[in-house]
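Below: one structure, written as structure tokens.
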Amino acid sequence: MKKLIFIRHIILSHVVILFFSATVGAASIKPDIHPGKGVTGQRNISYYSSVLKKTNLDTPVFIMDSGKPGATALIIGGTHGNELAGYISALLFVERAMIEQGKLFVIPIANRSALSIPDTQKPIPHQFSANSRSGIRVLLYGDRYTDIEDHKNDHSSVKLSRTKPVVYLDRKSRNLNRMYPGNPEGNPTQQLAHAILELIISENIDFCIDFHEARTPEKATNSDMNRHPTNGWLSYSLISHPRGIETAAFALLAVEENIQVTVKLEESKPENKGMSHWEIGSRTRCISFLSESPNPGQDRWRKKPDVIKDPNYPLNHRVGMHIWVFYYLAEAFTDATSKPFKIGGLPTYKDLMNSDIGTFLN
């Protein structure tokens, strides 16, 4: 029997349930999600790939169908557990949005395994509380990578030493946004990426966005400048598959005009192999985008980052950026195609900036 992980953070049972499996040996979470009136259906990602059933990577998928013909979209949040605004933004769609035309699929926590453990890169608390309409809610701040315990049966990265085999689990192999298009017979993270791609194909998704966070632009490094010559850093960016560049450009003009947030446009390239914005758009008919908000928790130079109420990059600002980037992408997609997509019920950017994030959770 594998060693059980020590529970370092006790979470209120009525908010988030933590349970541990002696067989798998890894922590697992059952998130507290309060679907709003706009949700018309729910299933797990294992619906699209049964290999994920009864694993810590099986995660909820919410369906929001207007009943009116139009475009079908997908929002992916929580690809990386330490990118808090990514999953909170997706959660707000599930709990607040109303689809007026077309259909929306939302995966609030794409990598549930990564969110189940604390950040292994910085000593940021695993949980934060928020006052919601239903009382105290817990917001989790997890890790970038799938829990190593969920890869313990992954024998694809075994190194042989002179004396004995040594299990070597490269972090990249546990990074969901490096594993697309996935592999149903690969490691657990590859299986998850495959399931998401299967959802996109089987549900005929027209466009999708993957919500992410990156280092703030305050102290861009030489590496940042080399990797992102457009604006010197990755945050405040929308990365678009080449097929969506024009749609993205119109969307970002609207973002700047209406919420006064400047988001730079970057084009996905073949060297972005393994990433959602390249692989989804290249392997399916879906036009793929990825947005990056600035998270002080990603800054290497900060000793005690405040990932909720940083004066320059508070969580409500970051969430507002993601929400309204998607809104204007949907508007631009509608203008560019014969498949309309209309969404309502979202808090305005101004409202978000004037309140704590819990105000908008059910």
Inset, instruction - Towards the positive end of the charge dipole of the chain, with charges on Cβ (+1 Lys, Arg; -1 Asp, Glu), say which of ILE200, LEU234, LEU176 has the farthest Cα. - result: LEU176
Inset, instruction - Identify which of ILE124, ILE323, ILE76 has the largest mean-square fluctuation in a Gaussian network model of the chain, with springs joining Cα atoms closer than 10 Å. - result: ILE124
Inset, instruction - Based on the mean of other Cβ atoms within 10 Å per residue, sort peptides 86-94, 275-283, 353-361 so the most packed one is first. - result: 86-94, 275-283, 353-361
Legend entry - In degrees, nearest ten, helix 245-259 long axis to first principal axis of the chain (Cα): 70 degrees
Inset, instruction - For region 268-350, just say rounded, prolate or oblate: build the C-alpha gyration tensor, square-root its eigenvalues into a ≥ b ≥ c, call rounded for a/c under 1.5, and beyond that prolate if a/b exceeds b/c, oblate if not. - result: oblate
Legend entry - Cut-off 11 Å between beta-carbons: net charge of the residues surrounding ASP119, Lys and Arg +1, Asp and Glu -1: 0
Inset, instruction - Would you mind counting up the charge near PRO181? Only other residues with Cβ under 11 Å from its Cβ, with Lys and Arg at +1 and Asp and Glu at -1. - result: 0
Legend entry - Among 185-191, 64-70, 243-249, the order from most to least packed when residues are scored by Cβ within 10 Å on average: 185-191, 243-249, 64-70
Inset, instruction - Using the heavy atoms of the protein chains and a 1.4 angstrom probe, tell me the accessible area per residue for region 219-362 in square angstrom. - result: 47 Å²
Legend entry - Gain in span if fully extended, ILE136 to ASN183, counting 0.36 nm per residue against the direct Cα distance: 13.0 nm
Inset, instruction - Please determine, in degrees from 0 to 90 and to the nearest 10, the orientation of helix 188-202 with respect to the longest principal axis defined by the Cα atoms of the chain, where the helix direction is its Cα long axis. - result: 30 degrees
Legend entry - Solvent exposure of region 89-152 as accessible area per residue, Å², 1.4 Å probe: 30 Å²
Legend entry - Projected label distance in nm at GLU203 and LYS304, using a 7 Å step from Cα toward the beta-carbon: 4.2 nm
Legend entry - Length-normalised contact order of the chain in % [C-alpha pairs under 8 Å, at least 6 apart]: 19 percent
Legend entry - Charge-dipole axis of the chain as Lys and Arg at +1 and Asp and Glu at -1 on Cβ define it, positive-most pick from PHE333, ASN354, ILE136: ILE136
Legend entry - Distance violations [Cα-Cα > 26 Å] among LYS122/LYS350; LYS54/LYS152; LYS152/LYS269: LYS122/LYS350; LYS152/LYS269
Inset, instruction - Using a 10 Å cut-off on Cβ atoms, rank the peptides 141-150, 303-312 from the highest mean neighbour count down. - result: 141-150, 303-312
Legend entry - Rounded percent of accessible protein surface that carbon and sulfur make up, the chain, 1.4 Å probe: 51 percent
Legend entry - Phi to ³J(HN,Hα) by Karplus 6.51 cos²θ - 1.76 cosθ + 1.60 over region 331-338, Hz, x for Gly, Pro: 5, 5, 5, 4, 5, 8, 10, 8
Inset, instruction - Please give the FRET efficiency for LYS152 paired with LEU253, using the beta carbon to beta carbon distance and R0 = 56 Å, rounded to the nearest 0.05. - result: 0.70
Inset, instruction - Provide the gained length on full extension for the span ARG171 to LYS53, in nm with one decimal, where the gain is 0.36 nm per separating residue minus the Cα-Cα distance. - result: 40.1 nm
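The values are calculated or read from the model by the stated rules, or taken from the named source; none is laboratory data. Just so we're clear, the structure is a prediction, and the values are computed from it rather than from any experiment. Using ideal geometry, Cβ is built from the backbone for each residue, glycine included, and neighbour counts are taken over all protein chains shown. We work out accessible area using only protein heavy atoms, side chains counted, and drop any ligands, DNA or RNA first. Shrake-Rupley method; radii C 1.70, N 1.55, O 1.52, S 1.80 Å.
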